[in-house]
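So the structure is just underneath, and the comments pick up after that.
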Amino acid sequence: MSSQKGNVRKTGSQKYQNKQAFKNSLHDTTPRVKLMNNVKLGGVCKRCKDIIDWKIKYKKYKPLTVPKKCTKCLEKKIKQAYYTICIQCAKEKNICAKCGEKTEIVEEAELMSAAEQMSNEAQFEAELKLLPERKRRTFFRLQQQGKLTKELLEEANGLAEDDEFFNDLDDFSIGDDDDCRKLDEGEDSDVSDLDEK
């Protein structure tokens, strides 16, 4: 660069050329970087997707810590960084969730993020662990046989709270479940004899 007054224009290529491309997880393997690399972008136009991809690639992406307010519905629904419109409003109005313009959307957005899905699955498994063994086995058996419908699975979200779901499932009971029910009610004479001794 010249030291002449007013001459601030650079000439030529950069002095030190990079031998390798920048890799954001080369020296940093923190959970934040892993989360950043696994971000799924959806509901945005090509230009906005490229901008966010660049931020992720060069480690400039800053994830949201709390939900952000949507500029259309004014509710705190935005969970992705750099978005200005929530996914539902963007789908309804067929606009980009980042810039808000009516352009071609690159890929459709999932209403539930990967982190939310993982937390829901973890919560569901925790509720399953709270169930008695008999009801847990009934649930897994019906799931394996494909007899669990979408409605039954939605009801199963409140497994630990009420037993009505499993009262409905008892109609499907087969084999070893009947034996367990007999043991619970004390109908089996062999078991009652052992209890008396």
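The values are calculated or read from the model by the stated rules, or taken from the named source; none is laboratory data. Values in this document were obtained by computation on a predicted structure and should not be read as measured data. Because the Cβ atoms are built from the backbone with ideal geometry, glycine has one as well, and the counts that use them run over all protein chains shown.
For LYS40, are the conditions met, namely being assigned to a loop (DSSP other than H, G, I, E, B), more than 22 Å from GLN117 (Cβ to Cβ) and either out of contact with any Leu (no Cβ under 6 Å at 6 or more places or on another chain) or among the polar types (S, T, N, Q) (or both)?
Against the criterion (assigned to a loop (DSSP other than H, G, I, E, B), more than 22 Å from GLN117 (Cβ to Cβ) and either out of contact with any Leu (no Cβ under 6 Å at 6 or more places or on another chain) or among the polar types (S, T, N, Q) (or both)), LYS40 does not qualify.
Collect the residues in region 1-25 that are exposed (fewer than 10 other Cβ atoms within 10 Å of the Cβ) and either under 30 Å from GLN80 (Cα atoms) or β-branched (Val, Ile, Thr) (or both), keeping them in residue-number order.
Within region 1-25, VAL8, THR11, ALA21, PHE22 meet the criteria.
Just checking, how many residues over region 78-95 are closer than 24 Å to LYS59 by Cα, β-branched (Val, Ile, Thr) and either out of contact with any strand residue (DSSP E or B) (no Cβ under 7 Å at 6 or more places or on another chain) or not assigned by TED's automatic domain parsing to the domain that holds CYS48 (or both)?
Adding up the residues that qualify gives 2.
Does any residue in region 3-32 that is under 20 Å from PRO63 (Cβ atoms) come within less than 6 Å, Cβ to Cβ, of a residue that is surrounded by 10 or more Cβ atoms within 10 Å (Cβ to Cβ) six or more places away or on a different chain, and which pairs are these?
Here the result reads ASN24/LYS59; SER25/VAL33, each pair linking region 3-32 to a residue that is surrounded by 10 or more Cβ atoms within 10 Å (Cβ to Cβ).
Out of everything in region 110-144 that is among the acidic types (Asp, Glu) and not in a loop (DSSP other than H, G, I, E, B), what residue ends up being modelled with the highest pLDDT?
Here the answer is GLU133.
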